[in-house]
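To start, the structure under review is shown below, and the notes come after it.
The values are calculated or read from the model by the stated rules, or taken from the named source; none is laboratory data. Keep in mind it's a predicted model, so treat the numbers as computed, not measured. Cβ coordinates were reconstructed from backbone atoms using ideal geometry, including for glycine residues, and neighbour counts include every protein chain displayed.
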Amino acid sequence: MKEVISSEVAWQGRRLRFPTSLFQKRLAVSELLVVVAALVVAFIILCAIVPGWIAPYLPTEMLTDQLLQAPSAAHLFGTDYFGRDIFSVVVYGSRDSLFIGFASVIIGGLVGGLIGVISGYIGGIVDTILMRLIDVLMTIPGILLALAIAASLGPSLFNIVLAVAVSAIPGYARVMRGQMISIKSRPFIMASRSIGSSNIQILWKHVLPNSVSPLLVMATLGIGSSILMGSGLSFLGLGLIKEVPDWGTLLSQGRGYLTVAWWICTFPGLAITIFVIAVNIIGDQVRDVLDPKKRTA
Amino acid sequence: MGRSIITRLFTSLFVVLGSLILVFCILYLLPSDPVLMMIDPSSATPETIANLRHQLGLDRPFYIQFASYFNNIIHGDFGNSMMNSEPVLPKILKHFPATLMLTIASSIIAVIVGVLLGVLSAIHRNRWIDIVARIVGLFGISMPTFWTGILLILLFSIQLHWLPVMGSDGFKTLVLPAITLGIVGAGFIVRMVRNSMLEVIHEQFIVTLRSKGLSERAIMYQHALRNALIPAITMMGVLIGEMLAGAVVIETVFSRQGIGRIIADAIMAKDLPVVQGVVFFSAIIYIIVNLIVDISYTYIDPRVRRAH
Amino acid sequence: MLKLQNNWLKYVAVAMVLMLVLGGCSIGTKEADGNATGTTTEGVGGKSSQGGELSYALATSPDTLDPHRSGLAVSVRVIRTLYDSLVVQLPDHTIGPWLATEWTVSPDAKSYTFKLRQDVKFQDGTPFNAEAVKYNFDRIINPETKAANAQALLHPYKSSEVIDEYTVKLNLETPSQAFLGNLTQALLGLVSPTAAKKDGEQFGKNPVGTGPFKFVKWDENAEIVVERNDDYKWAPAIVDNKGAAYLDKITFKIIPEEATRIGSVQSGQVHAAETVPPQNVASIKGDSNFQLLQVNTVGLPYTLFFNQRRAPWNDPKARQAVQLAVDVDSIVKTLYLGTYERAWSPLSPGILGYNESLENSIKPDVDKANQLLDELGWARGADGIREKDGKKLTIQYVDGSPNREKRNDIAAIVQQQLKPLGIDVKVEITKDVQTVVYINGDYDLYGNNQVNSDPNGLYWFYHTSAPNAAKLSISGSADPELDKLLEQGLVESDQGKRIAIYKTIQKNIIDKALILPIYVFPYTVAASNAVKDVKFDTLGYPLFNDVNLLK
């Protein structure tokens, strides 16, 4: 009851602050932005599923008579030092990049989020033990953990996902826990408890919806940072080595050519950047939709 | 308050122990043999290899190796590097200041730029300031650091000759690496601050404050920002760790001295004493940073303060 | 709204001021050392050729500066400035005097008696004499030293006898024609007995030799500094300046990242940087502010070795098919853009006994390659990959990480070139070559090279007994005929006959398609035009005795 009231007040507050006309104009712009972002993400996912429909060349095709050519009509993104068509390599490379991004976020986010929820909601000795375990993971910063895992297990796709996912767990767990503790002490939860709601009920109906937004924000960012960590591993010589390089690897391999053939690493770099930005815009939209305040309004 | 800090410190001991065990296990599982990485394949005899292995104590069972290592640590002996038999502790202490400087400098950049852009972004939600701030933030987190670093070198060192390409001596060599690492952190902080500001702005107490007639400035600065900083501060705990890790890449790109390169080399070479030493060291730093983070919570968030 | 904005502008302004103040403080406190280093680099050169400090960027960090314990070429670049050898190799492959003025070989070729220079001192004042030489070589074979490549180079050394203060006799287990040549190598450079005894394990961090430069300091992962040895007057014949070096100091900067290393020369932060990537060679050559120094290294070129322990690549016919299908010219031209020479033989040009007749002896012939595989009964399966008895025709191609000299990219091209032939090349890039290759032998194709002064370097790669029980040889050869030739080459004292033996060995190796030689590695240095008179020894290591800096 109280929650609804407070949300409504908040909603009125929001309307008080922004004149209606501006609000509507903004809505149009942000909707357009979301549509564009969705199209970009859809296109990149399409690339990952059916690269053959989009890429003009095979990613392994080495045109040794067309080395290091600048972008042109024949080669949209130019060619690399093997004479491969970079556009085609980027299109095919989306597959592993997206896989690393999504898989490690899903694994890391689920495991980390769950730990955070349990730890933050139950508190007490469980919290202490779980958080010490997370601390143990956390004392070894992300990429070092990934380095150690990749170095000990070898750089296969699965191992890189595992390495990146494990290194992401502590972040999710901590943020989720912080969110839990913060929400737990808010008035509407106390109110809910005072009217006799059970723990599970409170958790499911109030705490989770209120705490999921930072986790979602983190997860959208995480897709990007997972791809980036993969490229960091490539940079340090522990990345994925496959016939068709993922974006991070392509970027890492092309970096030595920046002064003579800027296009080799610029396009995979832009692919990462654009993809991450688009995913984030969508993530924001998802957050707004999930926002309990907005929903009740 | 005092008691909880003491409890924290006590449990921290177990965290340090835990992280040592974890790294020991991961590296123990490595299929490579450090002895074979130390010597040349074409010269050493089997006896040399066996001797060396015995000297390094690698022929003993896992738990004995760990117990003896742990015993040494308690006595302040972190062992010697397997690669060049250099004592580990002085090595870490020697390389740590450069990494610390880099971490502090980039954290300052990250916090100033991140909070500033985040707050501006939230207050001017969906206006051009917001869009610019968010795009800057997004570029910060979506560009691989080694790429950013090389681009900055090309621009500021090779084209403009403003700053040195590499090195770890003096302020000038710190600028580019700190910016490279700082904009990553800034990107994260912009997001966190913006999102939590937006949430806080609509909280009941802000509305109450507004209805009480407090000035918008007072509400934003004293209440909204303070509450919005909580998730951002949680992030700082994470970010400091990330920046120490980012140092691994950045120190290589800019050929800086530092602990990042030491540990990367050590992991690759399976130089257990060095890896353990650095992990021990970074565990302690992590614990200190997070203790500070937790204490600062209580000053910023009145609710948590009351809970104590 | 407007009011709010104004207030926020104020905060922005305050924050900016704070930033400036903070920044200002740091500038203030750091200015001192910043300036100090600034003057040292800018003051370089002076107006005369005498003096000055050279900064020289290395591509990786040396492992140790103890020549006897080192195993890395990059270490040798520094080691060569600190230590001298008994003898020196001249460009015509003959051996000239250095710290030894003359020498005689016993009739059974098992002992070498050296007369030493009498005016040489180690940098710590320790006299250089027969005792010092004996100490050095005994040190290398002492297991406690944990000597690396030096031990292999000194083989088959047994003992030393001090004849008098300046005469020493070295005894060998068996005759070796490679021995004298190996003594020219920097890894058998002579260390100060006093310092080596005193520092023990840490000698590599506090090196003392007789060389033209003295060790000053080593900041790990940053730089190694050496300064002129003013007493130096025993330079070898391969440099012009027989006295003390012209430079006051050399600072070896350690810059592993390619772009940073080359950038540091282009921005003027260092004078010279080694190992210029092929794609940057043209731009350095084309820039009038810089010069490109280039010298081919000598020894075994970068070569892909078949692992002859594993079927089907133990069959010469199968290997020949690969030899005919891999277009090495295309690989070298594509990746190195004309800056590396293609290798044709298991030895590189410039070494004693190099077989020129092998050049251009192999042309890619895919049809013949296909025919050979057909004859062996490998038929194409549905996916285009050949099969026999239900087994696919694969090559496990192992290469190390990081991607040194674009070797991983060679693997990628070979993979594509062999695909039309119906061979599935599985590329495995590993950090841990030692285990995968030398212990487990889990590969079909693996590439390596070796800098060496003598063709006997082949022994360690191709002889059945090589290298020892603990490690596998790369080639996995077990060919009695080749073994015999390698043994003869080691002991043959007639140079003409020895050359003939090594020519035969090279031809045998190529005829049996034991290897695919790929490229001869050129040691390249990008340098500012101010750097003058860098010389190189016969192996391609830089010598700084003559170097001077123009203003």
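When only residues in the range C:220-252 that are modelled with pLDDT under 95 and within 27 Å of A:Tyr257 (Cα to Cα) count, which is farthest from the other protein chains (Cβ to nearest Cβ)?
C:Glu223
Here is a check on your reading of the model: is B:Trp128 touching a helix residue (DSSP H, G or I) at 6+ places or on another chain (Cβ under 7 Å) and assigned by TED's automatic domain parsing to the domain that holds B:Leu225?
no
Return the residues of the range A:69-83 that are touching a residue at least 60 places away in the same chain (Cβ under 8 Å) and crowded, with 21+ Cβ neighbours inside 10 Å; say none if nothing qualifies.
Those that are touching a residue at least 60 places away in the same chain (Cβ under 8 Å) and crowded, with 21+ Cβ neighbours inside 10 Å: A:Phe77, A:Gly78, A:Asp80, A:Tyr81.
Only residues that are farther than 20 Å from C:Pro256 by Cβ and part of a loop (DSSP other than H, G, I, E, B): list them for the range C:221-232, please.
Selection gives C:Asn229, C:Asp230, C:Asp231, C:Tyr232.
Please tell me if A:Ile86 is crowded, with 19+ Cβ neighbours inside 10 Å, more than 14 Å from chain C (Cβ to nearest Cβ) and within 28 Å of A:Gln253 (Cα to Cα).
When the stated conditions are applied, A:Ile86 passes them.
Matching residues to (1) exposed (fewer than 15 other Cβ atoms within 10 Å of the Cβ); (2) at pLDDT 90 or above; (3) within 14 Å of chain B (Cβ to nearest Cβ):
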{"position": "A:Val4", "(1), (2), (3)": "yes, no, yes"}
{"position": "A:Leu22", "(1), (2), (3)": "yes, no, yes"}
{"position": "A:Glu31", "(1), (2), (3)": "yes, no, yes"}
{"position": "A:Ile49", "(1), (2), (3)": "yes, yes, no"}
{"position": "A:Leu58", "(1), (2), (3)": "no, yes, no"}
{"position": "A:Leu67", "(1), (2), (3)": "no, no, no"}
{"position": "A:Ser104", "(1), (2), (3)": "no, yes, no"}
{"position": "A:Ile107", "(1), (2), (3)": "no, yes, no"}
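For C:Ser345, work out the one condition from (1) surrounded by fewer than 18 Cβ atoms within 10 Å (Cβ to Cβ); (2) not in a strand (DSSP E or B) it doesn't fulfil.
(1) is the only condition that C:Ser345 fails.
Can you name the condition, by its number, that B:Ile64 falls short on among (1) surrounded by fewer than 19 Cβ atoms within 10 Å (Cβ to Cβ); (2) facing chain C (nearest Cβ under 9 Å); (3) modelled with pLDDT of 75 or more?
Of the numbered conditions (1) surrounded by fewer than 19 Cβ atoms within 10 Å (Cβ to Cβ); (2) facing chain C (nearest Cβ under 9 Å); (3) modelled with pLDDT of 75 or more, the odd one out for B:Ile64 is (2).
Taking the stated definitions as given, is B:Tyr297 at pLDDT below 75, assigned to a helix (DSSP H, G or I) and not assigned by TED's automatic domain parsing to the domain that holds B:Leu102?
So B:Tyr297 fits the description; yes.
Applying the selection to the range B:261-288, what residues are more than 7 Å from every other protein chain (Cβ to nearest Cβ) and under 10 Å from the mean Cα position of the chain (by Cα)?
B:Ile285, the sole residue that qualifies.
How many residues are assigned to a helix (DSSP H, G or I) and among the basic types (Lys, Arg) if we restrict to the range C:287-319? Spell out how you get there, then give the answer.
Here is the first cut: in the range C:287-319, the residues assigned to a helix (DSSP H, G or I) are C:316-319.
From the residues that got through so far, the ones that are among the basic types (Lys, Arg) too are C:317, C:319.
Total meeting the criteria: 2.
Is it true that some residue in the range C:411-425 is basic (Lys, Arg), free of Cβ contacts under 8 Å to residues at least 24 places away in the same chain and closer than 30 Å to A:Ser234 by Cα?
no
Return the residue satisfying two criteria in turn: it lies in the range C:420-467 and is of a type in the set (Ser, Thr, Tyr) and more than 24 Å from C:Ala152 (Cα to Cα), and of such residues it is nearest to the other protein chains (Cβ to nearest Cβ). It would help to see each step written out before you state the result.
Step one: list which residues in the range C:420-467 are of a type in the set (Ser, Thr, Tyr), which gives C:430, C:435, C:438, C:443, C:446, C:453, C:459, C:462, C:464-465.
Pick out the ones that are also more than 24 Å from C:Ala152 (Cα to Cα) and you get C:430, C:443.
On the way: C:Thr430: 7, C:Tyr443: 14 Å.
The qualifying residue nearest to the other protein chains (Cβ to nearest Cβ) is C:Thr430.
Residues checked against (1) assigned to a helix (DSSP H, G or I); (2) of a type in the set (S, T, N, Q); (3) within 14 Å of another protein chain (Cβ to nearest Cβ):
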position	(1), (2), (3)
A:Ile181	yes, no, yes
A:Ala191	yes, no, yes
A:Ser197	no, yes, no
A:Trp204	yes, no, no
A:Asn210	yes, yes, yes
A:Met218	yes, no, yes
A:Ser226	yes, yes, yes
A:Met229	yes, no, yes
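Hey, can you tell me all the residues within the range C:500-521 that are among the hydrophobic types (A, V, I, L, M, F, W, C) and buried (at least 18 other Cβ atoms within 10 Å of the Cβ)?
Residues satisfying the conditions are C:Ile501, C:Ile505, C:Ile509, C:Ile510, C:Ala513, C:Leu514, C:Ile515, C:Leu516, C:Ile518, C:Val520, C:Phe521.
Looking only at residues in the range A:248-267 that are part of a loop (DSSP other than H, G, I, E, B), within 11 Å of chain C (Cβ to nearest Cβ) and free of Cβ contacts under 8 Å to residues at least 24 places away in the same chain, which one is farthest from A:Asp80 (Cα to Cα)?
Only one residue fits best here, namely A:Thr259.
Residue by residue through the range A:145-179, note down the ones that are within 27 Å of A:Lys242 (Cα to Cα), of a type in the set (A, V, I, L, M, F, W, C) and either out of contact with any helix residue (DSSP H, G or I) (no Cβ under 7 Å at 6 or more places or on another chain) or within 11 Å of chain B (Cβ to nearest Cβ) (or both).
A:Leu145, A:Ala146, A:Leu147, A:Ala148, A:Ile149, A:Ala150, A:Ala151, A:Leu153, A:Phe158, A:Ala163, A:Val166, A:Ala168
Quick check, is C:Trp218 surrounded by 19 or more Cβ atoms within 10 Å (Cβ to Cβ) and part of a strand (DSSP E or B)?
Taking the combined requirement at face value, the residue satisfies it.
What tally of residues in the range C:372-415 results from selecting those that are outside any strand (DSSP E or B) and either within 29 Å of the chain's Cα centre (by Cα) or among the hydroxyl-bearing types (Ser, Thr, Tyr) (or both)?
15
The rows are residues; the columns are (1) assigned to a helix (DSSP H, G or I); (2) within 25 Å of the chain's Cα centre (by Cα).
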site: B:Ser85; (1), (2): no, no
site: B:Pro90; (1), (2): yes, yes
site: B:Thr99; (1), (2): yes, yes
site: B:Ile104; (1), (2): yes, yes
site: B:Val113; (1), (2): yes, yes
site: B:Val132; (1), (2): yes, no
site: B:Val136; (1), (2): yes, yes
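Mind checking which residues of the range C:81-99 are more than 16 Å from C:Asn136 (Cα to Cα) and touching a helix residue (DSSP H, G or I) at 6+ places or on another chain (Cβ under 7 Å)?
C:Gln89, C:Ile95
Just checking, which of C:Pro212, C:Pro207 is out of contact with any Asp or Glu (no Cβ under 7 Å at 6 or more places or on another chain), in contact (Cβ under 8 Å) with a residue 40 or more places away in the chain and assigned by TED's automatic domain parsing to the domain that holds C:Trp98?
Among C:Pro212, C:Pro207, only C:Pro212 is out of contact with any Asp or Glu (no Cβ under 7 Å at 6 or more places or on another chain), in contact (Cβ under 8 Å) with a residue 40 or more places away in the chain and assigned by TED's automatic domain parsing to the domain that holds C:Trp98.
Looking for something crowded, with 19+ Cβ neighbours inside 10 Å, in contact (Cβ under 8 Å) with a residue 12 or more places away in the chain, more than 14 Å from chain C (Cβ to nearest Cβ) and not β-branched (Val, Ile, Thr) - is there at least one such residue anywhere in the range B:177-185?
Within the range B:177-185, one or more residues are crowded, with 19+ Cβ neighbours inside 10 Å, in contact (Cβ under 8 Å) with a residue 12 or more places away in the chain, more than 14 Å from chain C (Cβ to nearest Cβ) and not β-branched (Val, Ile, Thr).
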